[in-house]
């Protein structure tokens with residue numbers, strides 16, 4: 001490891017904000033290039049990931065073993081952040097696909113998002129936009145609740161899964177439907 005890298009690490013660990021800024025300036029383009037090659041994101045999204053990389057660099061710096069160059073360590077963090085982003089994106093796509101595929105028989109009350117057989121392409125596209133909209137505004141717990149309910153889990157089973165009472169779960173479903181209704185989406 002170079003003396004410059006060693007000095008930067010010691011300064012950062014001592015709380016020197018200027019040293020942090022020097023590291024960001026030194027590796028900013030490097031990190032951005034790594035993230036861009038892995039994720040193929042635009043500038044705004046890259047900014048967010050780049051911040052995540054430097055946040056990890058600074059929070060985990062005390063664990064850096066100093067057996068390799070700082071640039072190699074920054075590279076591995078940037079690479080991991082890029083791959084983590086892709087994994088999260090894939091999980092979200094899988095959950096979205098599952099959400100779309102299982103929005104049938106949502107509730108005993110007859111609420112569903114079933115595409116009728118005789119529906120125009122335009123209407124189907126509008127319904128798909130609604131499904132996408134619903135998916136994007138729900139929290140992870142709400143998404144899980146809707147998906148599991150659509151897969152046929154009873155309120156009792158879902159209550160156990162979420163660690164709440166049967167009535168609490170029914171209230172959550174009622175509130176979720178009411179909230180979505182105010183957003184213009186009917187389940």
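The values are calculated or read from the model by the stated rules, or taken from the named source; none is laboratory data. Source: prediction; values computed, not measured. Quick reminder, even Gly has a Cβ in these numbers, built from the backbone with ideal geometry, and neighbours come from all protein chains shown.
Quick look at the numbers
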item: Given (1) under 21 Å from residue 5 (Cα atoms); (2) surrounded by 14 or more Cβ atoms within 10 Å (Cβ to Cβ), number of the condition residue 59 does not satisfy; result: (2)
item: Failed item, numbered, when residue 8 is tested on (1) surrounded by fewer than 13 Cβ atoms within 10 Å (Cβ to Cβ); (2) touching a residue at least 60 places away in the same chain (Cβ under 8 Å); result: (1)
item: Set 18, 29: member being modelled with pLDDT of 90 or more and in contact with a helix residue (DSSP H, G or I) (Cβ under 9 Å, 6 or more places away or on another chain); result: 18
item: Filtered residues of the range 156-170 (kept if under 21 Å from residue 135 (Cα atoms) and buried (at least 18 other Cβ atoms within 10 Å of the Cβ)); result: 158, 169
item: Identity of the residue in the range 65-82, over 27 Å from the mean Cα position of the chain (by Cα) and over 10 Å from residue 31 (Cα atoms), that ends up surrounded by the fewest Cβ atoms within 10 Å (Cβ to Cβ); result: 65
item: Flag for residue 15 being surrounded by fewer than 13 Cβ atoms within 10 Å (Cβ to Cβ) and either closer than 19 Å to residue 88 by Cβ or touching a strand residue (DSSP E or B) at 6+ places or on another chain (Cβ under 7 Å) (or both); result: no
item: Residues (loosely packed, with under 15 Cβ neighbours inside 10 Å and touching a helix residue (DSSP H, G or I) at 6+ places or on another chain (Cβ under 8 Å)) located in the range 138-155; result: 141
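Here's the yes/no breakdown for (1) surrounded by 11 or more Cβ atoms within 10 Å (Cβ to Cβ); (2) in contact (Cβ under 8 Å) with a residue 12 or more places away in the chain; (3) within 22 Å of residue 3 (Cα to Cα):
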{"residue": "25", "(1), (2), (3)": "no, no, yes"}
{"residue": "28", "(1), (2), (3)": "yes, yes, yes"}
{"residue": "45", "(1), (2), (3)": "yes, no, no"}
{"residue": "49", "(1), (2), (3)": "yes, yes, no"}
{"residue": "54", "(1), (2), (3)": "yes, yes, yes"}
